[in-house]
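So the structure is just underneath, and the comments pick up after that.
The values are calculated or read from the model by the stated rules, or taken from the named source; none is laboratory data. As the structure is a prediction and not an experimental result, all values here were calculated from the model. A quick note on method: Cβ atoms are made from the backbone with ideal geometry, for glycine too, and the neighbour counts reach across all protein chains shown.
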């Protein structure tokens, strides 16, 4: 029942007994008829999607009702944040065996470089934890780490797109758009899918990270952040509430009549739905963004008034993310970092030259507010039905980049993690080799990761499809296996 398939009406109109046709005419009619069948399938898919409100029947009982995906663009280093490698300490300053002349994204690599920060065991699991993230350490026993992630690209833009959509090229739906299509919103006054960019800017490749792709337009994310409120929500001067309500009712009536005369136009339905949602959000969105209604102890927990301007901004976005989730938004993308700048590692986690300086700056912004968000989800009981994802586009080399004290790109092994509803906390799945260069134990693809995410949301990744351009498309393309060990 959860699979979305277009209806293909293959009934013949008329028959050879009703009319005599030539061979050439027959072939022409067959060609035209097949095109019509395909068109009918596409229109049927669009109409059904527009009409069903984005709600499909899950294939299995869902463990999670909502998702927050925290994304650190710039390729956050697994060997400095999440995966302890004693061999980097033991062989620091020596060449990487078998790769002494290896040339990666920005050029030749130097010798092995240990992490500048100590790792210590934390929690009941004894997970080795970077001292860079002292606040996040409180959640170590709730997190399921995937230390053997792999990517198809070592370039930031395609890497972010691949991590978010399962494809390296733009034009495909993001994971959030797929979930919006499948589940819709729990609150008709708020969108199903919201993306919260960092105050420093959008991630590499920008809005393509939260686009709807070939899914109906209503499933793209609404962009909202503490520093970027939704525009044009206030009533125009000279228009009172009664006049506004009367105008909406008239437009709604006109739209309904127009839609009846254009039943297969999905873009029309999407525009109508967007305008109607925008009207309802005039009341709901300002309330969500009104962080001042939160008590002082919550602001203190997140650090929304921290003297570090970037940390305070990210903290307010974390708090807004919680408010969106508790009000029925299904999927929230939360970014910590933006696209690259003229100085590597300044605006995101792309630490090519000065790893220590860059990461001490970024972790100061990331650590406490993110830990506060996880604590708050637990405190409110929301974590029982919320799936938390932490992702980045790829990892970094265990060596230093030649002539620098930073690390180059590494798509062959890195870390992502999950926490919350349906997740087996305190688990570390897979591993890179002893130096952190390549995924060696149980390599995992982006498609495996999202197959597991969809499973926790109640959907079989092979059955959640959308017919487009001759194919039944899906988030996991033609790949994907469940990571059973991290499912509770």
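Only one of the listed residues (465, 432) is surrounded by fewer than 22 Cβ atoms within 10 Å (Cβ to Cβ) and touching a strand residue (DSSP E or B) at 6+ places or on another chain (Cβ under 6 Å). That residue is 465. Could you list all residues from region 156-169 that are in contact (Cβ under 8 Å) with a residue 60 or more places away in the chain and in a loop (DSSP other than H, G, I, E, B)? Answer for region 156-169, where residues must be in contact (Cβ under 8 Å) with a residue 60 or more places away in the chain and in a loop (DSSP other than H, G, I, E, B): 166, 167.
Could you say which residue among 311, 305, 356 is part of a loop (DSSP other than H, G, I, E, B), at pLDDT 95 or above and farther than 30 Å from residue 63 by Cα?
Details: 311 fails: part of a loop (DSSP other than H, G, I, E, B); 356 fails: part of a loop (DSSP other than H, G, I, E, B).
Exactly one residue qualifies, and that residue is 305.
For residue 173, the test of being crowded, with 24+ Cβ neighbours inside 10 Å, in contact (Cβ under 8 Å) with a residue 12 or more places away in the chain, touching a strand residue (DSSP E or B) at 6+ places or on another chain (Cβ under 6 Å) and part of a loop (DSSP other than H, G, I, E, B) is failed. For region 441-462: of the residues being outside any helix (DSSP H, G or I) and in contact with a strand residue (DSSP E or B) (Cβ under 6 Å, 6 or more places away or on another chain), which is surrounded by the fewest Cβ atoms within 10 Å (Cβ to Cβ)? Top of the filtered list is 441. The lone criterion from (1) assigned to a loop (DSSP other than H, G, I, E, B); (2) in contact with a helix residue (DSSP H, G or I) (Cβ under 8 Å, 6 or more places away or on another chain); (3) at pLDDT 75 or above left unmet by residue 238 is number (2).
Screening 215, 190 for residues that are touching a helix residue (DSSP H, G or I) at 6+ places or on another chain (Cβ under 6 Å) and within 24 Å of residue 377 (Cα to Cα) leaves exactly one candidate, 190.
In the list 348, 333, which residue meets the criterion of being under 21 Å from residue 136 (Cβ atoms), assigned to a loop (DSSP other than H, G, I, E, B) and under 18 Å from the mean Cα position of the chain (by Cα)? Step through it out loud before you land on a result.
Values: 333 fails: assigned to a loop (DSSP other than H, G, I, E, B).
Criteria check complete, one pass: 348.
Within region 361-374, can one find any residue that is surrounded by fewer than 21 Cβ atoms within 10 Å (Cβ to Cβ) and modelled with pLDDT under 95? No; the residues of region 361-374 include none that is surrounded by fewer than 21 Cβ atoms within 10 Å (Cβ to Cβ) and modelled with pLDDT under 95.
Looking only at residues in region 273-290 that are modelled with pLDDT of 65 or more and touching a helix residue (DSSP H, G or I) at 6+ places or on another chain (Cβ under 6 Å), the one that is farthest from residue 188 (Cα to Cα) is 288.
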